[in-house]
Amino acid sequence: MRRKLAAGNWKMNGLRADLEQLRSLCAAKGGEDTDILICPPALLIAEAAALCRGHSIHIGGQDCHMARSGAHTGDVSAAMLKDAGATAVILGHSERRADRGETNDIVQDKARAAQNAGLMAIICVGESLEERENQATLDVIRQQIAASVPEGVTGDNTVIAYEPCWAIGTGLTASPEQIGEVHDFIRALLEDRFGSDKGQSVRLLYGGSVKPDNASQIFAVPNVDGALVGGASLKASDFLPIIKALDDAAKPS
Ligand code: PGA
């Protein structure tokens, strides 16, 4: 049984005063069956982790360097994230693939660094609008999974987030059919490569304009184990109903 995961990606949003939102999340809490993760900007991780200690809300990074340490001005290593109190890190987000030229190979090296540091890597994949319109979605996903995901994957050290680029921050969401098709495809790829047990244990998140009003519909799709949420994770009042929808989806029917 895979535990559900509600992950929030604050991106480059949030000052120390916004940690108030985390206090509200801690006060309200999620259900027993759902893991909750917030990935604030790196500078807030230590304070956020301290604040959430004992509240079963986990804190993660939004990126890490592939090296453990060294001459990489401005970068943060997986070991540093871990040391600050993070338990996870988002890797290969489409904004980093687009803005920073991160290739599948780079993402794989970073995922390996995360594994070695004991962080759970949330590896993001997803097609552009052009690729979808050219019926290339599954080919793109196959390639991204093959080249971005390292060996040694387990349900504890890896999560895959399917985030169609055209649905991120646009208010457009993939339909349940589109989400289901890609999630089933990713599940089959993981089972093929890592064997049935490990392939079944990796959680698959959907991301792209997940909001309180569409969350239940998305969480009803088979092989959707949760969400990676951008905009709607910034305010506890938006994120809590998404957590609640996931809790409800986790309850045996
Ligand atoms: P969004 O972002 O929920 O604001 O669309 C999702 C993401 O980029 O992870």
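Readers should treat all values here as calculations from the given coordinates under stated rules, not as data from a laboratory. Being a predicted model, the structure only gives us computed values, none of them experimental. No Cβ is skipped: glycine too gets one built from the backbone with ideal geometry, and neighbour counts run over all protein chains shown.
Divide, for the chain, the radius of gyration over alpha carbons by 2.2 N^0.38 Å, where N is the residue count.
On the way: Rg = 16.7 Å, N = 253, 2.2 N^0.38 = 18.0 Å.
Normalised Cα radius of gyration, the chain: 0.93.
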In sequence order, calculated HN-Hα J values of region 156-164 (Karplus, 6.51, -1.76, 1.60; Hz; x Gly/Pro): 7, 9, 9, 10, 10, 10, 8, 10, x
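Count neighbours as other Cβ atoms within 10 Å of each site's Cβ, and list the GluC sites (Glu not before Pro) in region 1-79 that are DSSP loop with at most 15 such neighbours.
GLU32
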Please find, in a Gaussian network model of the chain (springs between Cα atoms separated by less than 10 Å), the residue of LEU37, LEU119, LEU51 whose mean-square fluctuation is greatest. LEU51
Which of GLY61, GLY152, GLY85 fluctuates most in a GNM of the chain (C-alpha springs under 10 Å)? That residue is GLY152
³J(HN,Hα) across region 169-183 via Karplus (A = 6.51, B = -1.76, C = 1.60, θ = phi - 60°), whole Hz, x for Gly/Pro? x, 9, x, 8, 10, 5, 6, x, 5, 5, 5, x, 4, 6, 5
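Would you tally the net charge around ASP238, using a Cβ to Cβ cut-off of less than 15 Å, leaving ASP238 out, and scoring K and R as +1, D and E as -1? Spell out each step's value before the answer.
Working: positive: LYS11, LYS211, LYS235, LYS244; negative: ASP18, GLU20, ASP213.
Taking every other residue near ASP238 into account, the sum is +1.
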Which residue, chosen from LEU37, ILE90, ILE106, occupies the Cα position most advanced towards the positive end of the dipole of region 1-114, where the dipole is computed from +1 (Lys, Arg) and -1 (Asp, Glu) charges on Cβ about the Cα centre? LEU37
May I ask which of LYS29/LYS110; LYS82/LYS251; LYS11/LYS244; LYS82/LYS211; LYS198/LYS244 have a Cα-Cα span longer than 25 Å here? LYS29/LYS110; LYS82/LYS251; LYS82/LYS211; LYS198/LYS244
So what are the ³J(HN,Hα) numbers for region 8-23, from phi and the Karplus equation (6.51, -1.76, 1.60; θ = phi - 60°), rounded to whole Hz, Gly and Pro as x? x, 10, 6, 6, 8, 10, x, 10, 4, 4, 6, 5, 3, 4, 5, 4
Might you report the magnitude of the Cβ-based charge dipole of the chain about its Cα centre, with Lys and Arg at +1 and Asp and Glu at -1, to the nearest 20 debye? 720 debye
